[in-house]
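Shown next, in structure tokens, is the structure this report addresses.
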Amino acid sequence: MAEPEQLTLDLDGWEGPLDLLLNLARSQKVDLRRISILALVEQYLAFVARAAALRLELAADYLVMAAWLAYLKSALLLPREAEPDPDPELLALQLQLRLERLDAMREAGARLVARDRLGRDVFPRGMPEGLRADRRADWQVGLYQLIAAYGEVSVRTCPVFHVVADRQVMTLEAALARVSTLLGVTLDWRALDQFLPPSAGALRRSAVASSFLAALELARQGRVELRQAGPFAPLYLRRPA
Amino acid sequence: MTPPDDLVRAVEAVLFAAEAPLTVDAIRAHVGADPRPALARLQADYAGRGVQLVRRGDRWLFQTAADLAHLLRRTSEERRSLSRAAVETLAIIAYHEPVTRAEIEAIRGVQISRGTLDVLLEAGWIRPAGRREVPGRPLTYATTPGFLTHFGLASRRDLPGIDDLRAAGLLDPVDLSSERLEKPGDSA
Amino acid sequence: MTPPDDLVRAVEAVLFAAEAPLTVDAIRAHVGADPRPALARLQADYAGRGVQLVRRGDRWLFQTAADLAHLLRRTSEERRSLSRAAVETLAIIAYHEPVTRAEIEAIRGVQISRGTLDVLLEAGWIRPAGRREVPGRPLTYATTPGFLTHFGLASRRDLPGIDDLRAAGLLDPVDLSSERLEKPGDSA
């Protein structure tokens, strides 16, 4: 098992199929612009076949690239169709351009990191005194803004009086007194509206609400019995027997 | 001035890059030769420049010329506008001083953040003005002479009163939301 | 060599004292005058010395001469060397900027692993440089002034071989559709 492991390590050395292709291309020892794409494809497919023979787990992208290269190889070898789509020569050229471009960046990176780098080859001053910039704020605010702000605060926070002008209401106390009194008059069931004072409009609405609350309160105290046939049906009141 | 030789250049670079003043021995360890002639040469080269080679005890260092120290520090003025919260807080302090933070918040109807008072303190417009003798002994704030100067006031009495503000239309709730339907006095 | 005038001394002192490279504007803020003639004079004064005045992008700094590196290299603080992926990614960003992550991946033919951009960002060599107005609005990356300073470049035009690469068409915008190369099903 030692040998396959060796090759696994080797596989891990490649950063993906393009990296592997570039290294194979470089092994042709010619200018990348003059490499033989066909030879390159052969090498790649042979590499993948060898890895497969050793039953190595190849990453999916290696296999996808292998499939694509096999397609490219057959397209390059077969007699030209009238209108090949896509043009295999163009595909080969694109692959070559990608390899050149990656190679150029690899080269550029190597030249970059080999430069005289600050902190490694050249050094800045070791103990700079340092520069200090004290920022002083020059606040842009004037007297008008100040007093206008105070005006706004005053307006916002001065107490607001809300006066209810002339609104007739029947208080709960009045309703309690009236309902209790009227309950004493008869033993029969009587509808709630018969307990209301003669009135109309806003006062009547208030009287209904207060008398209803009074009826509930008296029922709680056991001083009245309530009956209602169904929701929203008239409410009947009776003195307990 | 003749161009510096290799030893002078080496001593110059070593002292420039050093993170602490170096003894002659320490320099020699870097440059591999007696640095003393080079030190003398460098001291002469830098005489009268903005940077000097100086000796402190038995250690050598480059430092900026003492007469240029003032250049290394500068103050720059930045135009900045005060936040609305800060302007309101300043106004409340000016009208009600001495006033506690809780009182400012009660008047504004909004809490004030720590930074708001800091900005006003840093601007030099307000100052702590003693503690109020109530439970918790809260700090009170008041305005400073710098406040009067900045706003062109001879004294706090020059601040327009509430009636002046109303007369000037500054109490008209023009931009307030419709939730405030009535003003006291209007409906009565 | 004539003795330096006051402005030259001032610029010299400010740059010596600075903890980071300074722009012309930053120097002017300290010395109160256009420092450019003084910078030219200082560059000449220091030519051939152990310390040099250099321009990196639009910033200036003094640093030790490159040929003295062997005297100064600090073995104690061994810099963590960059991974091959990080070096290539940095080169791609420097030569193609602004460039998206997808474009970097298209050039390298592999996905960028998690830490690669982080390392470059942390080193202060690259920065996010806005979004590209294409579907997905991907973020682009570009190099920083710190990149120029660290790698000793006066400007991006000084990137090794950049003119030749451009002339060869190797820096043309990356056609992301060429990604399809690896997906035969798509192109068939």
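The values are calculated or read from the model by the stated rules, or taken from the named source; none is laboratory data. Keep in mind it's a predicted model, so treat the numbers as computed, not measured. Here the Cβ is made from the backbone with ideal geometry for all residues, glycine too, and neighbour counts use every protein chain on show.
Just to check your reading of the model, which residue among C:THR143, C:THR149, C:THR89, C:THR75 is more than 9 Å from chain A (Cβ to nearest Cβ) and at pLDDT 90 or above?
Values: C:THR149 fails: more than 9 Å from chain A (Cβ to nearest Cβ); C:THR89 fails: more than 9 Å from chain A (Cβ to nearest Cβ); C:THR75 fails: at pLDDT 90 or above.
Being more than 9 Å from chain A (Cβ to nearest Cβ) and at pLDDT 90 or above holds for just one of C:THR143, C:THR149, C:THR89, C:THR75, which is C:THR143.
Would you say C:ILE126 is surrounded by 17 or more Cβ atoms within 10 Å (Cβ to Cβ), assigned by TED's automatic domain parsing to the domain that holds C:ASP158 and closer than 19 Å to A:LEU102 by Cα?
Details: surrounded by 17 or more Cβ atoms within 10 Å (Cβ to Cβ): yes; assigned by TED's automatic domain parsing to the domain that holds C:ASP158: yes; closer than 19 Å to A:LEU102 by Cα: no.
In short, no.
Quick one: how many residues across region A:211-241 are in a helix (DSSP H, G or I) and loosely packed, with under 15 Cβ neighbours inside 10 Å?
From region A:211-241, those in a helix (DSSP H, G or I) are A:211-220; that's our starting set.
Then drop every residue that is not loosely packed, with under 15 Cβ neighbours inside 10 Å, which leaves A:213, A:216, A:219-220.
Looking only at that region, the number is 4.
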*Entirely in region B:1-118, the helices (runs of 4 or more DSSP H) that have 2 or more residues that are closer than 30 Å to B:ALA129 by Cα*: B:84-96, B:101-108
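If you scan region C:38-70, which residues turn out to be surrounded by fewer than 18 Cβ atoms within 10 Å (Cβ to Cβ) and facing chain B (nearest Cβ under 8 Å)?
Kept after step one, since they are surrounded by fewer than 18 Cβ atoms within 10 Å (Cβ to Cβ), are these residues of region C:38-70: C:40, C:43-44, C:46-48, C:55, C:58, C:66-67, C:69-70.
C:GLY48, the sole residue that qualifies.
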_All but one of (1) touching a strand residue (DSSP E or B) at 6+ places or on another chain (Cβ under 9 Å); (2) under 18 Å from C:SER81 (Cα atoms); (3) not aliphatic (A, V, I, L, M) hold for A:ARG120; state the number of the condition that does not hold._
(1)
_Subset of region B:10-30 (residues that are surrounded by fewer than 20 Cβ atoms within 10 Å (Cβ to Cβ) and aliphatic (A, V, I, L, M))_ = B:ALA20, B:VAL24, B:ALA26, B:ALA29
*Output the number of the condition that A:LEU77 fails; it satisfies all remaining conditions of (1) surrounded by fewer than 16 Cβ atoms within 10 Å (Cβ to Cβ); (2) at the interface with another protein chain (Cβ under 7 Å from one of its Cβ atoms); (3) under 25 Å from A:LEU22 (Cα atoms).*
(2)
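Has region A:91-113 got any residue that is farther than 30 Å from B:HIS70 by Cβ, more than 10 Å from every other protein chain (Cβ to nearest Cβ) and without any contact (Cβ under 8 Å) to a residue 24 or more places away in the chain? Quick ask: steps written out before the conclusion?
Within region A:91-113, the first condition is being farther than 30 Å from B:HIS70 by Cβ, and the residues that meet it are A:91-113.
Going one step further and asking which of them are more than 10 Å from every other protein chain (Cβ to nearest Cβ), we end up with A:92-93, A:96.
Narrowing the set further to residues that are without any contact (Cβ under 8 Å) to a residue 24 or more places away in the chain leaves A:93.
Checked region A:91-113: at least one residue is farther than 30 Å from B:HIS70 by Cβ, more than 10 Å from every other protein chain (Cβ to nearest Cβ) and without any contact (Cβ under 8 Å) to a residue 24 or more places away in the chain.
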*Just for region B:119-132: of the residues that are in a helix (DSSP H, G or I) and touching a residue at least 24 places away in the same chain (Cβ under 8 Å), which one is nearest to A:VAL155 (Cα to Cα)?*
B:LEU120
*asked:* Just checking, does region B:98-109 include any residue being modelled with pLDDT under 90, within 13 Å of chain A (Cβ to nearest Cβ), under 24 Å from A:GLY151 (Cα atoms) and loosely packed, with under 14 Cβ neighbours inside 10 Å?
replied: yes
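Only one of A:VAL141, A:VAL155, A:VAL185, A:VAL169 is assigned to a helix (DSSP H, G or I) and β-branched (Val, Ile, Thr). Can you tell me which?
Details: A:VAL141 fails: assigned to a helix (DSSP H, G or I); A:VAL185 fails: assigned to a helix (DSSP H, G or I); A:VAL169 fails: assigned to a helix (DSSP H, G or I).
Testing whether each residue is assigned to a helix (DSSP H, G or I) and β-branched (Val, Ile, Thr) leaves just A:VAL155.
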*Any idea which of C:ARG101, C:ARG59 is basic (Lys, Arg) and not assigned by TED's automatic domain parsing to the domain that holds C:GLN43?*
C:ARG101
*Can you find a residue in region A:195-210 that is surrounded by 15 or more Cβ atoms within 10 Å (Cβ to Cβ), away from chain B (no Cβ under 14 Å) and part of a strand (DSSP E or B)?*
no
